[in-house]
Amino acid sequence: MKRSKVLGLVLLVCVVFTATVFAAGQAEQPKKITALYFSSTYADAAKSYVDEFKEKTGITVEIVEYPYISLYERMGLALATGDTSYDLVTVACQWDGEFEPFLEDLSDYIERDNWDEADIMQKLWQQSGIWNNRIIGIPFANTPQLISYRTDLVGTPPKTWDEFFGVCDELYDPNKGFYPIAVPGVKEQLSGLWMSVHWSLDGRWADEDWNVTIDAEETREALRITKRWFDYADPAAPAWGLPEADAAFLNGKAAFCFAWPTLGVAVQGDNPERSKVVDKWAVAGFPAEKTGVTNLSSWDIGIPKASKNKDAAWEWIKFYTSKEKQLTNFTDFSILPSRTSVWENPVIKQSKMYPHKAISDKGAVIWWRIPAGTMAETYVRDAVANYVTGQWDIERAVKYMEKNFKELLAKYPPAEGVKNTGR
Amino acid sequence: MARHNVSIRYSKLDIAYSWIFLMPVIIILFIAAFIPLLSGLFLSFNEYKLNMPSIPMHLIGLKNYQELFKDELFLNALRNNTLFAVVSVTIEMILGVMFAMMLSDDDKLSRFMTTIVLIPMVIAPVAAGTLWRMMLDRTYGVLNYFITLLGFSPVSWLGDPSIAIYTIIGVDIWQFTPYITILVLSSIKAIPKSLFDSARVDGASSWKLFSKIILPMSSPVIIVVMMLRFIDAFKVFDTVFVMTQGGPGNATEMLPTYIYQQGIKFFRVGYSSAIAVVFVIAMSLISYGYNRFRAAQLRRLN
Amino acid sequence: MARSLKKENTSYLSNFLGTPIRVIFLIFLLISILFPLYWLITSAVKFEKDYFAQPPIIFPLKITGINFIELFTRYGALRPLINSLLIAGFTTLFSVIFGSLAAYSLVNGCLPKKIKVILSGWFLIQKMYPAIVVAVPVFYVFSKLRLLDNISSLIIMNTSFNLPLVIILLVGFYIEAPYELEEQGMLEGCNLFQRYFFITTPMVKAGLIAVGMLTFIASWNEFLFGVILSVNKAKPLTVTIAGFITDMGLRWGPMAAMGCLIIIPVLLLMWMMQRDFISGVSAGALKE
C-alpha cells in the first residue's frame, strides 16, 4: 500500500475518534436529567416510574444506581468537585452534613409552588433533609431500625436485653441448626446495630455542644451486648451481610432477624416460594431499655448546586415524593413513607410494617451529620468490629473511639452555632 | 541504545522524526501520569478535605507524614501488606520454580499443562475475586463442602479474622504462581542442553542438575520476577476490595485499600497523598536493593 | 523462541523431585485451575434456587441459559460489553502505535542519551505506585474537562498504564532486529519514517503481537479507573460485575454469567496466540 494512503487512513481514524469523543461529550439531549440512587428498592421504585413521568412532563430521567458501599464515594466525589453528571442525588441522612455545602436550598422551590410541606413528618425532616438551617432534601424513606421476630416462637417482644437473652437461651439449639439470632455481622451493618443498642441505653457520643461523652458505662454495656449476640448466632454470622441474615430467618433457622425488615423479610416474608415462615413473623423495636431510641435510616432527595437542570429536577422530586407515589412505594417496594397522611392509609396502617411509625415518633436518630461524619462512623465501625471479633479488648475499643472523636472534632469542627441534634 | 557510530550524520528530517515519534508518548505520560503524580506530591504537604470547602486547602508542611507514622491503622495496613507480600511471594516462588521444572519437557503433556497454567493469569482479578468469594462462602460454598467430606468442620474463610488474610494470600497464589512458572520456564528453556549432557555423563543426579546448573543460571530472572511480584503484592487492590473490603475488622486492610479509604471515602486528599508518597519511596528503595542484588548475581555468573 | 527439531527426552529435569511427586503435583495443578473454571460455568447455568442448595450441587442436571439472557435483557450488559471492547481495542491500538514509534526512535533514532535515562527512570517510578494514588487528581481533571462517563478518559488512562511496559518490550525487540537492513535503508536514502514503516517494524511483528495481547488483556481486566471515571454509560464489564455485590445480596446467577463473559473472550484470545503471549510475558522479565 502506498505510504501516503496508509498515513491518510491513520489520520482519518484519529480524527474520527476524536470527533466521536467530543460529540459524545457535548451531545446533551434536551430535557434529560440524571438521578443517583441507592441500588435497591429505592432505585427499583424510581425506575418503574420513569415512563409515567416522561408522559406527564416530557422529561426523561436516567436512574444511576450504586450499592451502599460505593454510593458515598461516587456522590461525594461528584458533589465536591462540582461535577455536573447528576441533577438529583438521594442522600442518606447521615451524609446531610457532608454534602450540605454542595446542595441547593429547596425552600424557594417549596414556596414558589406552594408545596404541601406540612405533610412531611417534621421530626424526620429535622434528622434527614434539614441541616444548618437549610432545606437540602425531601425525605422519602423513613426507616427506623427494627427487627423481625418469629411470632410462634417468641411471645411478646422482650423489653430488656436480659429478657431478650433469656428467650435466646431457651431457643438455642445448634444441633438442629437453630441459632436464635440472625445478625448481619459485616462491619457496616454491625455499627448501626450497636448504635441502636447504645442509644437505647441512653448512651451518647457527645452532648449538644460536641463534648465527647463516649467513655461511659453505657458504651461498654452496649459493646458487651453486641458481642453476646454472636454466642447465639451462626458461627458464620460475622461475615454475613443482610441477605445471609435474611436467608437464615426466612429458612426458619432463627427467632430474631437483625437485618432491616424493609429490605428483606418484609419483601419476601409472606412469599411461599422464598420463605418458610409465612405468617409467622412480625416486626418490633429492639428491647427499649431506657429510651427506645434507635438508629434511623432515611434518604432524602436533593439537587446539586452544580446541576444544569434544576427546574426539571424539582419536578421529579415533587413527583417521586407525592402522596400517590409514596403509597405505591410502600405497596410495591416496601418503602416506608415520610408523609403523615400516607401512614394513615389503611393499607399501611393494617400492615405488618406499622410498628415502624411508633418507633419513628419516639424519635429515631442518625449519628453525627458533620462533614467528618463518615470518619466518625468508620471509627465506631472499626472499634465495634474489632472488639466483637476478639481482636481488641473493650478498653481499647472505647478509648479508640474517644481519642478519634476528639481529634476529628478538633480538626474538622462543625460550623459555628450548629448543635448536635443526633447523639 | 542507538547503535550508530558517532560518525554517522543524521539528516535534519531524521532528527525531526525522532522527536515526533516520541511526542505522543511524552504527551500522554505527561498528562495522565506525571502531572497527577506531581500534584499528589504537592497535595501531600497540604491539609485538604475535599468535601469541606469551609476549610480551604492550606500548606501544613510535614504534618501529614508525622501523623502517618503514628497512625495505628496505617501501621496495621503496612503490617498486613508486608505479611501478604512476603508469604505469597515466597510460596509463589517455590511453587513456580517447581512447576517450571516439571513442565520443562518438550512433550505433549508439558505443552498441554503450560496452556492450562496460563489460565489464572489472564483472569481479571475482579472476576477471580468474585468467583472465589462464591466458592469460599461458609455455608453454601463448594470448598467447605469438600472439606466436610474429608471429615473436617467448615471454615469461615473470609469471616474469621485470623484466617481471612491467609485466604487472600491463597487466592493470590492461585492467580500468580502461573506467572512465575511461565517466566522461569522460559529461562530454563534458554539454557543450552549441552550443559546438561556433559553433567549427566559425569553422573550428576537430577537434583544436582537443578541445584548446580539451573538454579544459578536462572537466578537473574528469578530475582527479577521476585522483585516484580513483591512490588505488585503491595499494589493489590481489586481482589481485596471485592472479597473483604479490608475486613473482618481491619484484618485484611492493605495499603492501597487504606489509601482508597483515606482519599476517596474520607476525602482526606492531603493525607492519602502523603501515604502514597511514602509508598512510592519505599517501593523504589526495595527495587533499588533488588537491582543491586541482581547485578551482583550477574557478575558472579560471569 | 527456537525449539529444537528433535524431541529430546528431558524428563531427567522434569522429574527432578521424582516421578510420583511430579504426577501428584501436576494433577493437583490441573484440578486447582480447572475446577474453579468449571464451577464458574456451572454456576452460570444453574437455576436460582440451586445456588443455596445444601449440599452444593456439583453436577447440575437441570440447567438454564436464563442468566445469560437476563444479563442482556434485565441487567443491560450489552453496553458494558461494547465499552470493554472499545476501551481494550483502542488502548491496544494506541499503545502499539505510539509505543512502537517511541521504541523505534529510542533504538534507531538520534535522540540524546539523557532522554533515554530520563525515560527509563520514569518508567521505573510508574511501576512503583498503585493506580489509586492518582485517582483523585485524575477524577478532578477529567471532571473539569467534562470527560467523565466517557470511554475516552478510560482509554487515555489505560494507555498511560501500558505504555511503559510496551516501550520496554518493543525496545528489546527492536534491538534484536538485524541492523544491516537499517543501514541499507539509510544508504538508499530512506528517512526515519520510511525505515520505521517499511523496513524494521515488519521484522518485529511477533513483538508487536505479543505486546498487543498483553495490553488488550490488561486493559480488558482493568477495574479501579473503570470505577472512578465511569458513571453509567461508560462502565466496563469489570465494574458491572462488582456491582452485583449489593446489599440485596450476592446475585450469584448474573455474577457467574458476567464472570464468564469477562473471562472467556480473554481465554480464547490467549489460546489462539499462546506462543506470542508467552514470549511477550517472558520478554518483559528477561529484558528488565
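Read-outs throughout are calculated quantities, based only on the coordinates presented, and are distinct from any laboratory measurement. These numbers were taken from a predicted model, which means no experiment stands behind them. FYI the Cβ positions are ideal-geometry reconstructions off the backbone, even for glycines, and counts take in every protein chain you see.
Does the stretch A:98-139 classify as rounded, prolate or oblate by the C-alpha gyration tensor (a ≥ b ≥ c root eigenvalues; a/c under 1.5 gives rounded; else a/b over b/c gives prolate, otherwise oblate)? If you can, show how the numbers build up before the last one.
Values: a/c = 2.63, a/b = 1.20, b/c = 2.20.
Oblate, because a/c is 1.5 or more while a/b does not exceed b/c.
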- Message: Output wanted: per-residue J couplings in Hz (rounded whole) for the stretch A:75-85, from phi through Karplus 6.51 cos²θ - 1.76 cosθ + 1.60, θ = phi - 60°, x for Gly and Pro.
- Response: 5, x, 4, 5, 5, 5, 9, x, 5, 9, 4
- Item | 222 nm mean residue ellipticity, helices alone, for the protein assembly as shown (DSSP H n ≥ 4; -39,500 (n - 2.57); rounded to 500) | -18500 deg cm²/dmol
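Give the average, rounded to an integer, of partner chain Cβ atoms located within 10 angstrom of each Cβ in B:233-242. Intermediate values should be presented prior to the final figure.
Values: counts 0, 3, 7, 1, 5, 7, 1, 0, 8, 5.
That works out to 4 on average.
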- May I ask you to sort A:Glu395, B:Glu92 by Cβ crowding, counting other Cβ atoms within 10 Å and putting the fewest first? A:Glu395, B:Glu92
- Task: Return the whole-Å distance between the Cα centroid of the stretch C:168-220 and the Cα centroid of the stretch C:100-122.
- Result: 14 Å
- Item | Sequence ranges B:286-293, C:100-107, ranked by mean other-Cβ count within 10 angstrom, highest first | C:100-107, B:286-293
- Please list the non-local residues whose amide H lies under 5 Å from the amide H of B:Asn46, H modeled 1.01 Å from N, same-chain partners needing a gap of 5 or more. B:Ile60
- Note on the structure: With label points set 7 Å from each Cα along the Cα-to-Cβ direction at A:Lys411 and A:Glu163, the distance between them in nm comes to 4.4 nm
- Pull up all non-local amide H partners of A:Trp281: gap of 5 or more, or a different chain, and H-to-H distance under 5 Å with H placed in the peptide plane. A:Thr151
- Residues of type lysines that A:Lys362 reaches as a straight line, Cα spacing below 25 Å, ignoring anything fewer than 8 places off in the same chain: A:Lys123, A:Lys159, A:Lys290, A:Lys323, A:Lys349, A:Lys352, A:Lys419
- Percent antiparallel among DSSP beta bridges with both residues in the protein assembly as shown, to the nearest 5? 70 percent
- Query: Other chains near C:143-150: what is the mean number of their Cβ atoms within 10 Å of each residue's Cβ?
  - Reply: 5
- For A:Trp240, the residues 5 or more places away or on another chain with a placed amide H closer than 5 Å to its own amide H are A:Gly185, A:Val186
- Task: Please average, across the residues of C:118-131, the number of beta carbons from any other chain that are within 10 Å of each residue's own beta carbon, and give a whole number.
- Result: 6
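Report the relative contact order of chain A, percent, no decimals, based on alpha-carbon pairs under 8 angstrom and at least 6 residues apart. Mind dumping the intermediate values first?
Numbers: 723 pairs, mean separation 103.9, N = 423.
Rounded, it is 25 percent for chain A.
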- Query: Which whole-number value in Å³ per residue fits the convex hull of the alpha carbons of the stretch C:77-285?
  - Reply: 145 Å³
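Given a cut-off of under 8 Å on Cα pairs at least six residues apart, what relative contact order in percent is computed for chain C?
RCO, chain C: 30 percent.
Grab the alpha carbons of the stretch A:305-387, take their convex hull, and tell me the volume per residue in Å³. Provide the component values of the computation, followed by the final result.
Numbers: hull volume 13.8 nm³, N = 83.
Looking at the stretch A:305-387, the number lands at 167 Å³ per residue.
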- Message: Along the Cα→Cβ direction, 7 angstrom out, place labels at A:Thr60 and C:Phe25. What is the inter-label distance in nm?
- Response: 5.9 nm
- Can you work out ³J(HN,Hα) from phi for every residue in the stretch B:124-138, in order, using Karplus 6.51 cos²θ - 1.76 cosθ + 1.60 and θ = phi - 60°, giving whole Hz and x for Gly and Pro? 4, x, 5, 5, 4, x, 5, 4, 5, 4, 4, 6, 9, 4, 5
- Query: Using the beta-carbon distance between A:Thr331 and A:Phe178 and R0 = 30 Å, what value does 1/(1 + (r/R0)^6) give for FRET efficiency, to the nearest 0.05?
  - Reply: 0.35
- Quick one: pull the percentage of alpha-carbon pairs in the stretch A:204-255 with a separation above 17 Å. 54 percent
- Calculate the length of the line joining the C-alpha centroid of the stretch A:54-73 to that of the stretch A:116-160, in whole Å. 23 Å
- Determine, for B:His58, A:His356, the number of other Cβ atoms within 10 Å of each Cβ, and report the residues in order from fewest to most. B:His58, A:His356
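Suppose the chain between B:Ile15 and B:Leu83 were pulled fully straight at 0.36 nm per residue; how much longer would it get relative to their current alpha carbon spacing? Provide the component values of the computation, followed by the final result.
Details: separation 68, 0.36 × 68 = 24.48 nm, distance 5.03 nm.
Once the chain is fully extended between B:Ile15 and B:Leu83, it gains 19.5 nm.
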- Message: Compute the helix-to-body angle for C:19-44: its Cα long axis versus the longest principal axis of chain C, expressed 0 to 90° and rounded to tens.
- Response: 70 degrees
- Item | Fully extended contour minus Cα-Cα distance, from A:Thr340 to A:Lys32, at 0.36 nm per residue | 107.7 nm
- Query: Each residue of the stretch C:72-88 in turn: what ³J(HN,Hα) in whole Hz from Karplus with 6.51, -1.76, 1.60 and θ = phi - 60°, glycine and Pro shown as x?
  - Reply: 8, 7, 9, 9, x, 7, 5, 4, x, 4, 4, 4, 4, 5, 5, 4, 5
- Item | Pair C:Ile63, C:Ala206: separation of 7 Å Cα→Cβ label points (nm) | 3.8 nm
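Quick check of the Kirkwood formula: for the protein assembly as shown, what is the inverse mean of 1/r over all pairs of different Cα atoms, in Å? Working shown, then result.
On the way: mean 1/r = 0.0324 Å⁻¹.
Evaluated over the protein assembly as shown, this radius sits at 30.8 Å.
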- Item | Kirkwood Rh, angstrom, chain A [1 / mean 1/r, Cα pairs] | 23.1 Å
- Quickly rank A:405-412, A:172-179, A:185-192, C:144-151 as a protection proxy: mean count of other C-beta atoms within 10 Å, highest first. A:185-192, C:144-151, A:405-412, A:172-179
